[in-house]
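Here's the structure we're looking at; comments come further down.
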Amino acid sequence: FDHAADATPIAEASGATLVGTAEQCDELRSRAMRAMPPRCVEVVPAGAAPGTAGTTDILPGVEITAVKHLHSAGVAPDAGDTGGLHVPVLPVPGTAIVDHPPTSEDLAHLVGRLPDAEGGSVLYRFRTAGTSLVWHDTSGPLDEQAPATYAALRDLRPVDVQLGAIQGFNQFTNGLRDPRRYIETLRPEVFVPTHHDDWAAGITTNGVNYKTPFFAELERVPAAERPREVRFLEDPTDYLRPDVLTFPLALDPVRLVRRCIGRGRLRVGLAGDLDLVTGVRVRLDRTYRSVGAPFTRTFSPATLRVTRSRRITATVRRSDGTTLTLRRTLPRCGVPRARGRG
């Protein structure tokens, strides 16, 4: 109810594709108000145990991995994987419910979704152009209830950016232990705390009040294994700054490569970051050859017979709709150059 109550109307209004467990897809399709429910990709099968991972290629140039994990939950106080009891994190009373009270319609909608089955919680990794981003809107007590999930999370490394929930029901007995354990396992370069604002009076507080306990918990992580950077979002100022959630892609430029593989024969292909490439058209004199994905980081499967041309041209199509033209001079490959006239 608190994470997906509006997922179906958003998908119906925007045309977006939903991605989740089989149980979630069944539930979200049943909520459709139209004859044709929104598309939902069942990336994790029905009845899967926490730690089950699945992939989908619904976004060209983006590798998406989903891992079923746990919703936050309160468990008995832990004597400490680092020694000593965890300090409970208790919410400081906030005024959000008074400053921005819900409408009666919104409140009825929320309450009406309370009985919904969860269907599992899903953590997503998006990888493109060599950069990986992990997102999860809850952090569960994996130590007690699903320790095998840690192996699935370790398989997602390396992680450049992690957007992860730090507020949860286990904060009342084990503080922010669970968010720290996710960070320790994923080892992100950049961590962005999320799901930490005053959304439920009595349970939550303004996100800025999580700063002190979060950084205190992060001190339990060995310095060499901590995120290089933490971008702590504060409401409302940071929600109006796109630069806070803007991350550079470390792109290795796409290059046209060629080599001789025998007298008069040339092997051509692409090198660099090819995740966004969807197709290539090669021109050698009047010879054309189209090459489709998948591409390798060495030579794509296009072999051409060398003529007396001096140059090869490749038109590269990318998933964002743009094209890139690459040109290279030709090796002789045992064929003499054409002589100029006059």
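The values are calculated or read from the model by the stated rules, or taken from the named source; none is laboratory data. Because the structure is predicted, anything quoted here is derived from the model rather than measured. Positions of Cβ are backbone-derived with ideal geometry, glycine not excepted, and every protein chain shown enters the neighbour counts. What goes into the accessible areas is simple: the full protein's heavy atoms, side chains included, and nothing from ligands, DNA or RNA. Shrake-Rupley method; radii C 1.70, N 1.55, O 1.52, S 1.80 Å.
Kindly check whether there is at least one residue in region 274-281 that is over 22 Å from residue 126 (Cβ atoms), surrounded by fewer than 18 Cβ atoms within 10 Å (Cβ to Cβ) and modelled with pLDDT under 80. For region 274-281, residues over 22 Å from residue 126 (Cβ atoms), surrounded by fewer than 18 Cβ atoms within 10 Å (Cβ to Cβ) and modelled with pLDDT under 80: absent. Just so you know, in region 89-107 the residues that are at pLDDT 85 or above and among the hydroxyl-bearing types (Ser, Thr, Tyr) include one that is least open to solvent (accessible area, probe 1.4 Å), and it is 103.
Residue-by-condition table, conditions (1) at pLDDT below 75; (2) more than 27 Å from residue 192 (Cα to Cα); (3) part of a loop (DSSP other than H, G, I, E, B); (4) open to solvent by 70 Å² or more (accessible area, probe 1.4 Å):
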{"position": "248", "(1), (2), (3), (4)": "no, no, yes, yes"}
{"position": "283", "(1), (2), (3), (4)": "no, yes, no, yes"}
{"position": "303", "(1), (2), (3), (4)": "yes, yes, no, no"}
{"position": "324", "(1), (2), (3), (4)": "no, yes, no, no"}
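With the condition kept exactly as written, say whether any residue in region 51-67 is open to solvent by 30 Å² or more (accessible area, probe 1.4 Å), without any contact (Cβ under 8 Å) to a residue 24 or more places away in the chain and in a helix (DSSP H, G or I). Scanning region 51-67 turns up no residue that is open to solvent by 30 Å² or more (accessible area, probe 1.4 Å), without any contact (Cβ under 8 Å) to a residue 24 or more places away in the chain and in a helix (DSSP H, G or I).
Scoring residue 46 on the criteria (1) in a loop (DSSP other than H, G, I, E, B); (2) of a type outside the set (Phe, Trp, Tyr); (3) out of contact with any helix residue (DSSP H, G or I) (no Cβ under 8 Å at 6 or more places or on another chain) leaves a single failure, condition (3). Consider region 306-322 and keep the residues that are assigned to a loop (DSSP other than H, G, I, E, B) and open to solvent by 70 Å² or more (accessible area, probe 1.4 Å). The one that is modelled with the lowest pLDDT is 308.
Per this entry, residue 129 is counted among residues that are over 25 Å from residue 77 (Cβ atoms) and not hydroxyl-bearing (Ser, Thr, Tyr). Among the residues of region 1-43, those that are farther than 13 Å from residue 119 by Cα, under 21 Å from the mean Cα position of the chain (by Cα) and part of a helix (DSSP H, G or I) comprise 7, 8, 10, 11, 14. Applying the condition of being hydrophobic (A, V, I, L, M, F, W, C) and open to solvent by 20 Å² or more (accessible area, probe 1.4 Å) to region 201-214 and asking which residue is modelled with the highest pLDDT yields 208.
Got at least one residue in region 77-95 being closer than 22 Å to residue 319 by Cβ, touching a residue at least 12 places away in the same chain (Cβ under 8 Å) and in contact with a helix residue (DSSP H, G or I) (Cβ under 9 Å, 6 or more places away or on another chain)?
Of all residues in region 77-95, those closer than 22 Å to residue 319 by Cβ come to none.
No, region 77-95 contains no residue that is closer than 22 Å to residue 319 by Cβ, touching a residue at least 12 places away in the same chain (Cβ under 8 Å) and in contact with a helix residue (DSSP H, G or I) (Cβ under 9 Å, 6 or more places away or on another chain).
The sole residue among 111, 192 that is β-branched (Val, Ile, Thr) and crowded, with 16+ Cβ neighbours inside 10 Å is 192. Does residue 228 satisfy the condition of being modelled with pLDDT under 85, open to solvent by 60 Å² or more (accessible area, probe 1.4 Å) and not polar (S, T, N, Q)? Criteria not met by residue 228.
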